[in-house]
Amino acid sequence: MRNNTQSNAMAWWIVAAMLCSVTIGCGRPQASSSENQQLIGSLRTAISARNAQWLEENAKVVEQRRKAGKMDEAEYEEFQAIITMAKEGRWEAAEREVIKFLKAQRPTPEQIERTSKHQR
């Protein structure tokens with residue numbers, strides 16, 4: 001009887017963990033809008049160069065785009081978390097996060113069209 005109870009408890013924990021992963025999104029970074037994908041590349045350059053001036057310029061652009069309504073809250077928070085790490089001197093961690101953010105992006109319709117034209 002005890003083994004059956006333990007098996008049921010384990011099964012519930014597995015189901016709960018799977019639901020949390022799906023709900024939370026497995027910790028994947030926010031996908032950025034097509035307008036802001038170039039900004040991710042610029043931010044990565046600033047971070048990999050450990051250039052505080054470039055970092056600050058990117059931070060200003062992020063704020064401008066947010067105020068102009070060209071960046072949603074989740075996207076803004078993703079940029080801010082990375083910028084904050086770099087400003088705190090955690091350049092390596094910021095670089096890992098900006099690379100994850102970059103890899104989380106999906107191609108825009110324009111990028112797909114350009115690629116398909118080159119393949120023809």
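Here's the yes/no breakdown for (1) touching a residue at least 12 places away in the same chain (Cβ under 8 Å); (2) surrounded by fewer than 17 Cβ atoms within 10 Å (Cβ to Cβ); (3) touching a Ser or Thr at 6+ places or on another chain (Cβ under 6 Å):
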residue	(1), (2), (3)
Arg50	yes, yes, no
Gln53	no, yes, no
Ala68	no, yes, no
Glu78	yes, no, no
Arg90	no, yes, no
Ile112	no, yes, no
Gln119	no, yes, no
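Screening the candidates Arg66, Arg28 for the property of being among the basic types (Lys, Arg), modelled with pLDDT under 95 and closer than 30 Å to Glu113 by Cα yields one hit, Arg28. For region 107-120, the candidate set comprises residues that are of a type in the set (Ser, Thr, Tyr) and assigned to a helix (DSSP H, G or I); within that set, the residue that is nearest to Arg44 (Cα to Cα) is Thr115.
Scanning region 94-109 for residues that are free of Cβ contacts under 8 Å to residues at least 60 places away in the same chain and surrounded by 15 or more Cβ atoms within 10 Å (Cβ to Cβ) yields Ala94, Glu95, Val98, Ile99.
Criterion applied to Ala9, Ala74, Ala59 was being modelled with pLDDT of 95 or more and among the aliphatic types (A, V, I, L, M), and the one residue passing it is Ala59.
The values are calculated or read from the model by the stated rules, or taken from the named source; none is laboratory data. Predicted model, so just to flag it, every value in this text is computed and none were measured. A quick note on method: Cβ atoms are made from the backbone with ideal geometry, for glycine too, and the neighbour counts reach across all protein chains shown.
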